[in-house]
1. Is there a residue being assigned by TED's automatic domain parsing to the domain that holds residue 139, within 14 Å of the chain's Cα centre (by Cα) and either buried (at least 21 other Cβ atoms within 10 Å of the Cβ) or farther than 24 Å from residue 179 by Cα (or both) anywhere in segment 56-64?
2. Is it fair to say residue 102 is modelled with pLDDT under 95 and assigned by TED's automatic domain parsing to the domain that holds residue 24?
3. Tell me the residue from 54, 97 that is without any contact (Cβ under 8 Å) to a residue 24 or more places away in the chain and closer than 29 Å to residue 160 by Cβ, please.
4. Select, from 166, 178, 154, the only residue that is modelled with pLDDT under 95 and farther than 16 Å from residue 241 by Cβ.
5. I'd like to verify a number: residues in segment 26-46 that are crowded, with 21+ Cβ neighbours inside 10 Å and either over 19 Å from residue 152 (Cα atoms) or under 12 Å from the mean Cα position of the chain (by Cα) (or both), how many?
6. Please give the helices (runs of 4 or more DSSP H) falling wholly within segment 106-173 in which 3 or more residues are out of contact with any helix residue (DSSP H, G or I) (no Cβ under 9 Å at 6 or more places or on another chain) and free of Cβ contacts under 8 Å to residues at least 60 places away in the same chain.
7. Inspect all residues belonging to segment 197-209 and state whether any of them is more than 29 Å from residue 18 (Cα to Cα) and out of contact with any helix residue (DSSP H, G or I) (no Cβ under 7 Å at 6 or more places or on another chain).
8. Would you mind stating whether residue 180 is under 20 Å from the mean Cα position of the chain (by Cα), buried (at least 19 other Cβ atoms within 10 Å of the Cβ) and in a loop (DSSP other than H, G, I, E, B)?
């Protein structure tokens with residue numbers, strides 16, 4: 001954390017791409033401590049994020065006393081992104097961060113950073129290429145902070161995101177090459193919100209046409225089955241016809257498994 005604080009102080013003035021996830025929230029908290037009001041939090045609101053995530057971002061930024069700006073961006077107007085290709089994450093990240101850079105420049109901020117941590121930086125995430133191309137810095141990764149260290153620091157600072165699970169954009173619930181539409185995204189958002197209201201914090205609803213493929217941790221299968229009638233009604237209320245439980249349980253990036261088998265999902 002010493003290295004992170006040192007890096008932030010050397011920037012003098014910084015705009016943060018703020019998603020209200022555990023990483024960007026910690027980064028904003030440290031930046032506020034080191035740079036006071038020379039910090040701007042920029043959140044990009046698109047069709048691919050739930051409305052609840054946007055409200056959370058506003059609330060956390062306010063709690064941390066940060067100057068916060070929400071940028072509206074219609075990603076589905078981009079035909080490349082709308083087609084939902086396998087490099088969608090790269091295309092989205094490039095568009096989102098370009099919007100952040102534009103707004104930062106307008107507000108007089110030349111340094112833009114994001115919450116990529118050291119574990120992310122060692123992965124093969126497509127979005128990392130976009131960050132490099134656009135010159136966006138990642139102070140957590142530069143300081144060598146892993147996800148576990150980010151969470152530990154979040155606990156020490158008693159941040160509201162200290163226990164927040166990973167929640168990538170809604171497009172990650174739709175199979176590649178299946179066009180992204182507002183209706184599909186709304187179906188997913190409503191279905192997942194219903195599961196969350198029932199206490200299923202770590203859950204995903206994957207969109208397969210009329211079928212909602214539900215992923216929850218294996219240890220919670222019995223709870224799903226105990227509430228199956230209620231869950232089916234909620235899933236159908238969201239616009240799906242069928243609700244199925246994935247017997248492999250919750251796991252990140254399950255839609256990428258198709259690329260290994262070449263089986264159409």
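The values are calculated or read from the model by the stated rules, or taken from the named source; none is laboratory data. The model shown is predicted, which means the values in this text are computed figures rather than measured ones. Positions of Cβ are backbone-derived with ideal geometry, glycine not excepted, and every protein chain shown enters the neighbour counts.
1. Taking segment 56-64 as the starting set, the residues that turn out to be assigned by TED's automatic domain parsing to the domain that holds residue 139 are 56-64.
Keeping just the survivors that are within 14 Å of the chain's Cα centre (by Cα) gives 56-57.
Imposing the further condition that a residue be either buried (at least 21 other Cβ atoms within 10 Å of the Cβ) or farther than 24 Å from residue 179 by Cα (or both) reduces the set to 56-57.
There is at least one residue in segment 56-64 that is assigned by TED's automatic domain parsing to the domain that holds residue 139, within 14 Å of the chain's Cα centre (by Cα) and either buried (at least 21 other Cβ atoms within 10 Å of the Cβ) or farther than 24 Å from residue 179 by Cα (or both).
2. Values: modelled with pLDDT under 95: no; assigned by TED's automatic domain parsing to the domain that holds residue 24: yes.
Considered against the rule, which asks whether it is modelled with pLDDT under 95 and assigned by TED's automatic domain parsing to the domain that holds residue 24, residue 102 comes out as no.
3. Every option except 54 fails the conditions.
4. After ruling out the rest, the residue left standing is 166.
5. 7
6. Output list reads 147-156.
7. Looking only at segment 197-209, we keep the residues that are more than 29 Å from residue 18 (Cα to Cα), and these are 208-209.
Still in the list and also out of contact with any helix residue (DSSP H, G or I) (no Cβ under 7 Å at 6 or more places or on another chain): 208-209.
Yes - at least one qualifying residue is present in segment 197-209.
8. Answer is yes for this residue.
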